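The values are calculated or read from the model by the stated rules, or taken from the named source; none is laboratory data. Nothing here was measured: the structure is a model prediction, and the numbers come from that model. Every residue, glycine as well, gets a Cβ built from its backbone with ideal geometry; the counts of neighbours run over all protein chains shown.
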Amino acid sequence: MKEIAVVGPGLMGLGIAQVAAAAGWQVWLVGRDAAAAAAGHARLASHLERQVARGRLDRTGAYALLAQVGAVADDTELAGCELAIECVPEDRALKLGVLSRLQDALPAGTLIATNTSGLPVTLTASSPCRLAGNFLYVIPGAPGTSCVVTATQPGDAVYAAAPPVQYTFTILANLFGMYGVAVLPAVLARLIEFPTL
């Protein structure tokens, strides 16, 4: 089973943890200390209980998800992780401290990602497709035609630019007019093999 560390078990971090667990990953919640990680795990359990009460998730599924999420008491428990995502508040000093902590704790070669809104992601699409915001519009064309969506992030004085990520969509049928699909979740899912939402 693949293992992922989610650093910052707040609203965003717990959402990522739930999606990762649903995709079959073993998730390790990491807080500023063991108590913060355990509190995040308890919040996730409460959230899953609310989903069960609302009929959005069955109890067996909730228990299965929660069984794949653990709270880390010590950074040495992250030795098996293939991926770590930091989800701490938008404070550069805090983020850099967390990223440095992860670099020290994780095995060499582990992918470390940041969940920051401080740097923009730019999406571009090849013809016959067009982008409007995070939606990809496919202009009807011959079946088998492909369009490529490229995501880039330029970096700034503190962060290096991210390498471009490309995702190819193939048009399977000639449709009557344009149609749109949410493309950003699909591109991000391709990066870490999570199901699109």
Determine which single condition Ala84 fails, assuming it passes every other condition in (1) in contact with a strand residue (DSSP E or B) (Cβ under 6 Å, 6 or more places away or on another chain); (2) at pLDDT 95 or above.
(2)
Being hydrophobic (A, V, I, L, M, F, W, C), farther than 25 Å from Gly13 by Cβ and at pLDDT 80 or above is the filter here, so list the residues in segment 109-146 that pass it.
Ala125
Could we say that Glu90 is surrounded by 14 or more Cβ atoms within 10 Å (Cβ to Cβ), among the charged types (D, E, K, R) and out of contact with any Cys (no Cβ under 6 Å at 6 or more places or on another chain) here?
no
If you go through segment 47-71, how many residues are modelled with pLDDT under 95 and outside any helix (DSSP H, G or I)?
5
Within the bounds of segment 10-27, is there any residue that is within 27 Å of Gln103 (Cα to Cα) and part of a strand (DSSP E or B)?
yes
Taking Pro9 as meeting all but one of (1) closer than 26 Å to Gly155 by Cβ; (2) in contact with a helix residue (DSSP H, G or I) (Cβ under 7 Å, 6 or more places away or on another chain), write down the number of the exception.
(1)
Of the residues in segment 22-37, how many are of a type in the set (A, V, I, L, M), crowded, with 21+ Cβ neighbours inside 10 Å and touching a residue at least 40 places away in the same chain (Cβ under 8 Å)?
3
Glu3: passes all of (1) farther than 23 Å from Val158 by Cα; (2) touching a residue at least 12 places away in the same chain (Cβ under 8 Å); (3) surrounded by fewer than 17 Cβ atoms within 10 Å (Cβ to Cβ); (4) charged (D, E, K, R) but (3)
Just a yes or no: is a residue in segment 9-16 free of Cβ contacts under 8 Å to residues at least 60 places away in the same chain and of a type in the set (A, V, I, L, M, F, W, C)?
yes
Those residues that are exposed (fewer than 12 other Cβ atoms within 10 Å of the Cβ) and outside any loop (DSSP other than H, G, I, E, B), I need them from segment 95-115; list them, please.
Ser100, Asp104
Only residues that are more than 12 Å from Ala84 (Cα to Cα) and hydrophobic (A, V, I, L, M, F, W, C): list them for segment 26-36, please.
Ala34, Ala35, Ala36
